[in-house]
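J.: Right, I'll just put the structure down here and ask away after.
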Amino acid sequence: MNREPFSLLSAQGVSLTYQDGDRQVYAVDAIDIQIQPGEFMGILGPSGSGKSSLLYLLSGLKLPSQGEVFFWDRAFSKMNDAERSALRRKQFGFVFQQPYLLGYLNVLENVLVAAENPKAHLNRALELLETLGLRGKAHRFPNALSGGERQRACVARALLMEPEVIFADEPTASLDHSNGFHVMELLDACRGKGAVVLVTHDPQMLKYAHRVCRLEDGKLVE
Ligand SMILES: Nc1ncnc2c1ncn2[C@@H]1O[C@H](COP(=O)(O)OP(=O)(O)OP(=O)(O)O)[C@@H](O)[C@H]1O
Ligand SMILES: [Mg+2]
């Protein structure tokens, strides 16, 4: 398959295999996908279908067992670890499936953790917390937050540096519908000329998605 010349992200025949005893399991199985600038893409699929694995490949967190992923014209496999991690730090934002915050930092410090100069980003951090209904809890430590509050803090952290691509893996899983829609609205508003790649099991959260891909057993089914 030919790669479109100006895709922001493009996966060509990517697979990710895991070793399960003496058996190879295909978490992602020969997927082609192109994501254009400005696109909000949703990924749906049952548990274990490979959604998180596909996000790891598209973001360069993992390298495929077969195939290649490109960010614009740069193949992840041709970058060294330092280049890939700089790309993730500076141009990508992540909301992982398991909300992970540093327990010894408060909410605000967690949101600012990736900023080289936290003072320069303080106002944006506070604005994001305000938008997400967490301004009043900015000084709390993670162990004094609910699961949904932790998840929203992770969303604020992912958006702080205005990433070109936002990868979000079930960012609304612990949220009620109203907070869930709010997070979706914010992701959409922060998308700009970049892209959002959203994994969800809740079709209602796909209101802002321009395109939805379905995964089954590691394969795209539409
Ligand atoms: N480290 C691992 N070792 C072996 N198999 C793994 C590993 N991580 C994931 N898998 C397998 O790969 C497949 C895809 O997993 P993945 O986490 O991508 O699914 P998912 O669609 O994100 O599921 P969920 O909706 O439950 O989060 C599953 O069958 C899973 O068991
Ligand atoms: Mg997952």
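J.: What does the highest-first list of 180-193, 48-61, 74-87 look like by mean Cβ count within 10 Å?
T.: Descending mean neighbour count gives 48-61, 180-193, 74-87.
J.: Could you tell me which of the pairs LYS51/LYS119; LYS90/LYS219; LYS51/LYS207; LYS62/LYS219 are separated by over 28 angstrom between their Cα atoms in the structure shown?
T.: Checking Cα-Cα distances, LYS51/LYS119; LYS90/LYS219 exceed 28 Å.
J.: Dipole of the chain (Lys/Arg Cβ +1, Asp/Glu Cβ -1, origin at the Cα centre): which of ASN123, PHE94, GLY192 lies farthest to the positive side?
T.: ASN123
J.: Where Lys and Arg each count +1 and Asp and Glu each count -1, what net charge lies around SER49 among other residues with Cβ under 14 Å from its Cβ?
T.: Here the count lands on -3.
J.: Quick one: pull the percent of accessible area on the stretch 1-96 belonging to carbon and sulfur, 1.4 Å probe, ligands and nucleic acids left out.
T.: About 49 percent, which is the carbon plus sulfur part of the accessible surface.
J.: Sort 206-215, 8-17, 103-112 by the packing proxy (mean of other Cβ within 10 Å over each peptide's residues), most packed first.
T.: 8-17, 103-112, 206-215
J.: While we're looking at this one, here's another question. With the contact rule set at Cα under 8 Å and sequence spacing of 6 or more, what percent relative contact order holds for the stretch 16-87?
T.: With pairs under 8 Å counted, the relative contact order is 25 percent.
J.: In whole angstrom, how long is each semi-axis of the equivalent ellipsoid of the chain, when you take the square root of 5 times every eigenvalue of its Cα gyration tensor and sort them from largest down?
T.: 29, 19, 17
J.: On to the next question. Mean separation of Cα pairs under 8 Å and 6+ residues apart, divided by the residue count of the stretch 9-220: what relative contact order is that in percent?
T.: Relative contact order here is 32 percent.
J.: OK, next. Go ahead and estimate [θ] at 222 nm for the chain from helices alone: -39,500 (n - 2.57) per DSSP H run with n ≥ 4, summed, over the residue count, rounded to 500.
T.: Rounded to the nearest 500, it is -9000 deg cm²/dmol.
J.: Using the beta-carbon distance between SER174 and PHE141 and R0 = 22 Å, what value does 1/(1 + (r/R0)^6) give for FRET efficiency, to the nearest 0.05?
T.: 0.75
J.: Additional query: Calculate the dipole size of the stretch 1-121 relative to its Cα centre from +1 charges on Lys and Arg beta carbons and -1 charges on Asp and Glu beta carbons; express the result in debye to the nearest 20.
T.: Dipole of the stretch 1-121, to the nearest 20 debye: 260 debye.
The values are calculated or read from the model by the stated rules, or taken from the named source; none is laboratory data. All of these numbers come straight from a predicted model, not from anything done at the bench. Every residue, glycine as well, gets a Cβ built from its backbone with ideal geometry; the counts of neighbours run over all protein chains shown. The protein model used for the area step is the full one, side chains on, heavy atoms only, and it has no ligands, DNA or RNA in it. Shrake-Rupley method; radii C 1.70, N 1.55, O 1.52, S 1.80 Å.
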